[in-house]
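These notes concern the structure reproduced below.
Taken together, the values in this text are just the output of simple stated rules run on the coordinates, not laboratory data. Predicted, not measured: the structure shown is a model, and the values here were computed from it. For neighbour counting, all protein chains shown are included, and Cβ atoms are generated from backbone atoms with ideal geometry for every residue, glycine included.
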Amino acid sequence: MSSTDLENLPMDRAISAVTHDGSFRVLAVRSTRTTRGIAKSQRASGPTVENLADLASGTLLVRLTMAPNYRVQGIIQGAGGQGTLVADSWPDGGTRGLVRASGPVVFGEGARMQLMRSLPNGAMHQGIVEVSREHRVSGAVMNYLLESEQVTSALGVASVVSEEGEILLSGGYVVQLLPECTEPPLAVMYERLRHDFADLSRVLAEHDGDPDKLVAEILSGMEYTRTLEFDLDFRCRCSSERVLASLATVGKHELEDMIRKAEPLAITCDYCRQEYQVQTEMLRGLLTTS
């Protein structure tokens, strides 16, 4: 593994597979490009880099387990109420993230994860779980799926971070138990994940995060069919149109004050650091419309 510019990294992918005996559905994801883009845009450092990457991978996996038109957001408030991490995963495969903190955002006592899934019609479902220092994002997401979605599953996310704080690899998997699962294959799967996947960072490094190889390793000795493949990437939702739409909600007096200054208004997206220049003429147009 070596450091590579974001544009030179291979596209992220996720695949799903189902065992022929109807016991398991498996999803595996390589999210290196996505998480590195998020970490760089947020200028994350220290333990926050890995924690933010794992949150993004976990949120992405939750979205992939659900209906194709669901959007999923994961929000972690750090231990002691110190700082907030956000991951926002959309149906088109794009995921973005956000850090709100003056220092490291760490897990442990008091750390909470809120996961929300929403449909285009505005309907929303959410759940809140603890994020322990031992079980981290993987354990928190598993608890969410069990408690809020009534889905029994095994899930793991991990990242490999360089000494300089750059993400070299990110990815993960989720194994869902299907109704036809019986005790023998369940016992085999439990032992395999407990022993062979205990150090997921090592497994990711061995397979270069390739989701096909992860699925093959998880389902070794089992017959399965590869069902779906998804393309993923770091992607923000901002645009000049969205910036103007947000300004349209500002009160008339505030708009008039901006116009009187007769200077372009610079607005920076919190997610990707893209800066948008709003000219005075545009503000006048908003004032006329309002």
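Overall, the range 240-289 carries a charge dipole of about 60 debye about its Cα centre when +1 sits on the Cβ of Lys and Arg and -1 on the Cβ of Asp and Glu, all other atoms neutral. Residues considered: LEU85, LEU52, LEU228. Largest GNM mean-square fluctuation over the chain, using C-alpha springs under 10 Å, is found at LEU228. Considering the chain as a Gaussian network with a 10 Å cut-off on Cα pairs, which listed residue, GLN42, GLN277, GLN73, attains the greatest mean-square fluctuation? Between GLN42, GLN277, GLN73, it is GLN277 that shows the largest mean-square fluctuation. Our summary gives the chain a relative contact order of 24 percent, counting only alpha carbon pairs under 8 angstrom and 6 or more residues apart.
Assuming charge only on the beta carbon of Lys and Arg (+1) and of Asp and Glu (-1), the dipole of the range 81-216 about its Cα centre is about 440 debye to the nearest 20. To the nearest ten degrees, helix 136-149 and the longest principal axis of the Cα atoms of the chain are 90 degrees apart. Over all projection directions, the Cα-based convex hull of the range 103-145 averages an area of 3.8 nm².
Full extension of the chain between SER102 and SER45 yields a length gain of 19.4 nm, computed as 0.36 nm times the residue separation minus the alpha carbon distance.
Relative to the compact-globule estimate of 2.2 N^0.38 Å, the Cα radius of gyration of the range 240-289 comes out at 1.09. Diagonalising the gyration tensor over the Cα atoms of the range 150-290 and scaling each eigenvalue by 5 before taking the square root yields semi-axes of 52, 19, 12 Å, largest first. Counted by Cβ distance under 12 Å from SER162, the other residues give a net charge of -3, where Lys and Arg count +1 and Asp and Glu count -1. Here's the picture: charge each Lys and Arg Cβ at +1 and each Asp and Glu Cβ at -1 in the chain, and of MET258, TYR144, ALA111 the one pushed furthest to the positive end of that dipole is MET258.
Grab the Cα-Cα distance for GLU147 and ASP5, subtract it from 0.36 nm times how many residues apart they are, and report the gain in nm with one decimal.
47.2 nm
Charge tally around GLY251: other residues with Cβ under 15 Å, Lys/Arg +1 each, Asp/Glu -1 each, net -1. Overall shape of the range 1-115 was characterised from the C-alpha gyration tensor. The equivalent ellipsoid obtained from it has semi-axes of 26, 19, 12 Å, in decreasing order. What net charge is computed for the residues neighbouring ASN69, neighbours being all others with C-beta under 14 Å from the C-beta of ASN69, Lys and Arg scored +1, Asp and Glu -1? Summing Lys/Arg as +1 and Asp/Glu as -1 gives +2. GLU254 label point, 7 Å along Cα→Cβ, cut-off 19 Å on backbone N: hits in the range 264-290? Once the point is set 7 Å along Cα→Cβ of GLU254, 264-271, 276-290 turn out to lie under 19 Å by backbone N, inside the range 264-290. For the pair TYR276 and ALA123 in one chain, pulling the backbone fully straight at 0.36 nm per residue adds 52.0 nm over the alpha carbon distance. Per the Debye calculation on the range 8-234 with a single equal scatterer at every Cα and no solvent contribution, log₁₀ I(q)/I(0) for q = 0.07, 0.11, 0.12, 0.13 Å⁻¹ amounts to -0.19, -0.49, -0.59, -0.70. Using only side-chain charges placed at the Cβ, +1 for Lys and Arg and -1 for Asp and Glu, the dipole size of the chain relative to its Cα centre rounds to 840 debye. Cross-link partners of LYS252 among lysines, defined as those whose alpha carbon lies under 20 angstrom from its own and excluding same-chain residues fewer than eight positions apart: LYS261. As I understand it, the dipole of the chain uses +1 on the Cβ of Lys and Arg and -1 on the Cβ of Asp and Glu, about the Cα centre. Which of ALA245, THR268, ILE167 lies farthest toward its positive end? About the Cα centre, the residue reaching furthest to the positive side is ALA245.
Counting other beta carbons within 10 Å of each residue's own, what order do SER41, SER57, SER89 fall into, fewest first?
SER41, SER89, SER57
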